[in-house]
Amino acid sequence: MSRSLLILFLLVVLVGACVFLLKRKTNEGHLFLEIWLNSYGEVIEGEARSLMIDFPTYTLSEDERLLSGMVDFDVNSSLIMILGKANSLSGDAGGGVSSYLEGIYSLPYDAGMGIRILGVEDGIVRLSVNGTEVSLGPGKSWETRRDYTLRWEGGTLRIEETLRITNFGYVKLQPWSSP
């Protein structure tokens, strides 16, 4: 009787461990977190900047749950999540978008700009943003703004900088093919 219980217990533990290990990969793709910094400008004095940036390296179709882009990291079983980083200029600050994708293989992870990804559990991403703890479930965003004055050779701008972090949940990854 006790041997049967021991075998049953070991079987339950083994099945539980398998479910736990496979859970991350059975959520239809890879977890995608995006950090987007937009700088919007308004002329205070002088003229608008004509600064343009233009090098977006990924697109996301939220309807299709499809992330397409330049993938220069390994997509393997060690990949915990995909991080998208984007900067954009708008208004009198300039125009355009620059973006890229990174693969994250271990946590915690320093994402730059005072952002540290602390952990992931059941698709919920825990972060520290300049010391503020943030938890984002799939489909959730967090945002902060700051205003400052920028003086340049053509005048003075008021810049409204918006940092938005979004957990898009699990998406399918489609690398762009090389020419």
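If each of Trp142 and Ile53 carries a label point 7 Å out from its Cα toward its Cβ, how far apart are those two points in nm? Inter-label distance under the simple model: 2.2 nm. The value for region 47-179 of Rg(Cα) / (2.2 N^0.38 Å) is 1.19.
Give the dimensionless ratio obtained when the Cα radius of gyration of region 112-179 is divided by 2.2 N^0.38 Å.
On the way: Rg = 17.0 Å, N = 68, 2.2 N^0.38 = 10.9 Å.
Expressed relative to 2.2 N^0.38 Å, the Cα Rg reads 1.55.
For region 105-149, the Cβ-based charge dipole about the Cα centre amounts to some 100 debye (Lys, Arg positive; Asp, Glu negative; other atoms uncharged).
Near the amide H of Gly91, within less than 5 Å, lie the amide hydrogens of Gly41, all on another chain or at least 5 residues away, with H placed in the peptide plane. Between Gln174 and Thr132, the simple spin-label model (points 7 angstrom out along Cα→Cβ) gives 3.6 nm. Computed extension length for Thr162-Met113: 16.4 nm, one decimal, from 0.36 nm per residue of separation with the Cα-Cα distance subtracted.
None of the figures in this text is laboratory data; all of them are computed from the coordinates on show. Small disclaimer: the values here were computed from a predicted structure and weren't measured. Quick reminder, even Gly has a Cβ in these numbers, built from the backbone with ideal geometry, and neighbours come from all protein chains shown.
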